[in-house]
Amino acid sequence: MTYHGRFAPSPTGQLHFGSLVAAVGSWLCARHAGGQWLVRMEDIDPPREVAGSAASILAALPAFGLVADAPPLFQSQRIEAYDVAFEQLRAAGQLFPCWCSRSELAAGGGLHRDGQCVAAADPDRLPAWRLRVPDIEVAFDDALLGPQHENLRESVGDFVIRRAEGFYSYQLACVVDDTFQGITEVVRGSDLLDSTARQIWLQRCLDLPTPAYRHLPLVMGADGRKLSKSEQASPVDPADPLPALRQALAFLSVPVLATATEVQDLLAHALANFDPALLPQCSGHSFA
Ligand SMILES: [Zn+2]
């Protein structure tokens, strides 16, 4: 099976350094394996989106030498596929409608468990739909972080598959599209490590294959917190890509050709010297 990797940003701002690290890391793994590198725009949460950021991210990637092997997949155009997966789960009795509010759940400890709602059905409001989560341990081996295990009933409980507003959850869309794009290894930031068990459980419920997972260290700010778009991380500059690209490679412990004056030379040198086993094995570190 040909290696298929992907970079899957959300359009919540311009490409910033943390996303660039995830993009470069996934690109290097895919190219090193002689496989395909795909891009997926995770634009299924309109309230969180920033106008113009999808186009801005997609325009920035080639400036950093990151050219996908297929046109980007837009999740906003994949709703019918999520409908099919949703109906499959519902027909199997794995979903239940839920009118519980966050505050109602908080009063009972915060988690929704065993399909037990605290709120009564309300015919005047659309429900959220949750997946019934059994008391079961989900285990997987992360290629960088080693063996992981999570009891989903204890950690997240019955989780939302479709919100009351009608939007599908990130977890559902992600597993449906990882299968659709034939992804064999998911390389992404460690902020998504705690989504992995939920995604593997969903793959089992939907009878979908489980890819390998490799979670890259997160870029932390000087204050030790995650550097993210939501915290106003400064965008990288596609008009001057070399400094940020050098920094991203160095962050990933990939050899950097100091004399390179072109993005292509920098990436070619990095790829020639790349070994995925030498990526940093930690959930995050700062970069000064
Ligand atoms: Zn409920």
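Nothing in this text is a laboratory measurement; each read-out follows from the coordinates by a stated rule. Fair warning: this is a prediction, and the values are worked out from it, not measured in the lab. Cβ: placed from backbone, ideal geometry, glycine included. Neighbour counts: every protein chain shown.
Remarks
- Relative contact order of the chain, defined on C-alpha pairs under 8 angstrom at six or more residues apart (%): 22 percent
- Taking amide H positions as modeled 1.01 Å from N, with prolines and chain starts lacking one, the residues under 5 Å from GLY115 and 5 or more places away or on another chain are VAL133, ASP158.
- Amide H partners (placed H, <5 Å) of ARG130, local residues excluded: PHE96, CYS98, ILE161
- For ASP158, neighbours were defined as the other residues whose beta-carbon sits under 10 Å from its Cβ, and their charges (Lys and Arg +1, Asp and Glu -1) total +3.
- Percent of beta bridges antiparallel (DSSP, the range 80-162, rounded to nearest 5): 95 percent
- Spatially, the range 232-288 and the range 42-63 are offset by 22 Å when compared through their Cα centroids.
- Each part gets one Cα centre, and for the range 13-36 versus the range 167-221 those centres are 16 Å apart.
- Entry note, the chain: the mean residue ellipticity at 222 nm calculated from DSSP H runs of n ≥ 4, each adding -39500 (n - 2.57), is -10000 deg cm²/dmol after division by the residues and rounding to the nearest 500.
- Long-range amide H partners of LEU218 with built H, under 5 Å: SER190, GLY284, HIS285
- Counting charges near GLU137 (Lys, Arg +1; Asp, Glu -1) among other residues having Cβ under 12 Å from its Cβ returns a value of -2.
- A Förster radius of 35 Å, combined with the Cβ-Cβ distance separating THR2 from MET220, puts the computed FRET efficiency at roughly 0.55.
- Counting DSSP beta bridges with both ends in the chain, the antiparallel % (nearest 5): 50 percent
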